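Engineer: I'd like to ask some things about the structure below.
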Amino acid sequence: MVQKRAVVRQSLPDVIVADLRQRILSGELEEGTLIRQELLAEQYDVSRMPIREALKRLDAEGLLVFKNNRGATVTKHSLDEIAEIFDIRILLEIDLFARAIPNMTAAQFAACEDILKQMDASYLTGKVADWGPLNADYHNKLYEAAGRHLTEQVLQRVTLQANRYVSMHISKLNNRDHASQDHHALLECAKRGDVEAGTRLLRAHLVNTKQQVIAWIAEHRQRKEQASVS
């Protein structure tokens, strides 16, 4: 019996996109997973039309590879592509943070502190699915004062790709305490107006995440290959 997935009966493609996106970012739908339109239609109890629209949108986001009449697969990046995603993210985030620090307001500091509290709570409760969006919200708020909206739009797409692997990194490597320390320290640098220390810490934070994520994914893929052979 296929498990039904209830959705609100309005803006069906939007609701389905949001749910499928979360299933991909959380790792429920792993890279390379074949997604059949007819099965999704049965799961969500809808026709294939909103399913097809949802898959096309996720293809545009880079989370799926969709082909008409052939369904879709969850995007599987090569290790070099994953490294490139993080390299682009590093360049964009450091530039935005350097521009934002001198312009951050008390209200923005308070908003960052509120998100940090939610993130710390998600670590303690093990709600990994909540961590990715909160992490993105925190970094977006840190860079908001830069006022570089075009750069933010480019970063949003890159971050969406990176968050698939960042959430995996936090849950599998159990590196939550270190990530939390870095996030709190970044805010303290911003409050002091210390651009040099803030960007140096941000670079180290992002590079460390990149290196550990790639190492874990390489090992995970190797284990899967060995299991399929044996």
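The values are calculated or read from the model by the stated rules, or taken from the named source; none is laboratory data. What you see is a predicted model, and the numbers here were worked out from it, not measured in a lab. Neighbour counts are summed over all protein chains in view; Cβ atoms, including those assigned to glycine, are modelled from backbone coordinates with ideal geometry. When the accessible area is computed, the model is the full protein with side chains, heavy atoms only, and any ligands, DNA or RNA have been set aside. Shrake-Rupley method; radii C 1.70, N 1.55, O 1.52, S 1.80 Å.
Engineer: Do you know which of the residues in segment 20-41 that are free of Cβ contacts under 8 Å to residues at least 24 places away in the same chain and charged (D, E, K, R) is least open to solvent (accessible area, probe 1.4 Å)?
Structural biologist: R23
Engineer: Applying the selection to segment 203-230, what residues are among the basic types (K, R), closer than 23 Å to F86 by Cα and open to solvent by 100 Å² or more (accessible area, probe 1.4 Å)?
Structural biologist: Within segment 203-230, R203 is the sole residue that qualifies.
Engineer: Continuing with the same structure: Looking only at segment 26-82, how many residues end up being of a type in the set (S, T, N, Q) and out of contact with any strand residue (DSSP E or B) (no Cβ under 9 Å at 6 or more places or on another chain)?
Structural biologist: Residues in segment 26-82 being of a type in the set (S, T, N, Q) and out of contact with any strand residue (DSSP E or B) (no Cβ under 9 Å at 6 or more places or on another chain): 6 in total.
Engineer: A further question on this structure: In the list V166, V154, which residue meets the criterion of being modelled with pLDDT of 90 or more, out of contact with any strand residue (DSSP E or B) (no Cβ under 8 Å at 6 or more places or on another chain), among the β-branched types (V, I, T) and within 18 Å of L92 (Cβ to Cβ)?
Structural biologist: V154
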